[in-house]
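Novice: Let me begin by handing over the structure; questions about it come next.
The values are calculated or read from the model by the stated rules, or taken from the named source; none is laboratory data. Computed from a predicted model, the values in this text were never measured in an experiment. Here Cβ is always computed from backbone atoms with ideal geometry, including for glycine, and neighbour counts include all displayed protein chains. Protein only, heavy atoms only, side chains kept; ligands, DNA and RNA dropped before computing areas. Shrake-Rupley method; radii C 1.70, N 1.55, O 1.52, S 1.80 Å.
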Amino acid sequence: MVNVNGVLLSRGYAQAARKDEEEEEEVEIDQRRLPADYDPATFDPTEHRSPPTERVFKLVDEVAGLTLVEVAELSSIIMKKRGMTELPTVGVLKGGAAGLAGMAMKAPAAAAKEEKKPEKTVFELKLESYEAASKIKIIKEVRSCTDLGLKEAKDLVEKTPSILKAGVSKEEAEQIIEKMKAVGAKVVME
């Protein structure tokens, strides 16, 4: 710091000389002139938004002084003036109710998904039961419609109910079901 003609000047290595003010002036802020959502921690001075006008403050004071009956009358008049037919939906949550709100929001979405569910194109065939007398014919038919060997086909038939074939188109599945039905097996498409 250098004292030049009674004025303190300070100079950093990469800074121009500037005056150091010994005392900073405190500015009084009128709280009514600040935006309603003013928060000093998140305030952005670059945001160009003027504070509410006196008219708005007068309206707020008047509305805050209304009784509940008067507020209900006011809301119905505003709705008519704006052409609204239904009350706007406003969500107010109590502490710990966020999970319930999430479930409530997911319910309509789930119903919409059920309605718009695309038609299934790939199916699984499940061998549910068979006639014991035609076990050999069923094993042969299982081998013909799958790439299984004799032992694997026999094990699959004996472990009924079991998945016979997966990733089958609807047409192919219906053909296999008819063939298996002809030899005495009950096969379902899933």
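Novice: Which pairs have Cβ atoms under 8 Å, sit 6 or more apart or on different chains, and link a residue in the stretch 123-148 that is at pLDDT below 90 and in a helix (DSSP H, G or I) to one that is open to solvent by less than 60 Å² (accessible area, probe 1.4 Å) and among the basic types (Lys, Arg)?
Specialist: Pairs that qualify, where the first residue is at pLDDT below 90 and in a helix (DSSP H, G or I) and the partner is open to solvent by less than 60 Å² (accessible area, probe 1.4 Å) and among the basic types (Lys, Arg), are CYS145/LYS165.
Novice: Name the pairs: first residue in the stretch 46-69 and open to solvent by less than 80 Å² (accessible area, probe 1.4 Å), second residue modelled with pLDDT under 75, Cβ to Cβ under 7 Å, at least 6 apart or on different chains?
Specialist: Hits for this filter: PRO51/ARG33; PRO51/LEU34; PRO51/PRO35; PRO52/ALA36; PHE57/ARG32.
Novice: Conditions: (1) surrounded by 15 or more Cβ atoms within 10 Å (Cβ to Cβ); (2) of a type in the set (A, V, I, L, M, F, W, C); (3) within 15 Å of GLU128 (Cα to Cα). VAL168 meets all but one. Number of the miss?
Specialist: With (1) surrounded by 15 or more Cβ atoms within 10 Å (Cβ to Cβ); (2) of a type in the set (A, V, I, L, M, F, W, C); (3) within 15 Å of GLU128 (Cα to Cα) applied to VAL168, the lone miss is (3).
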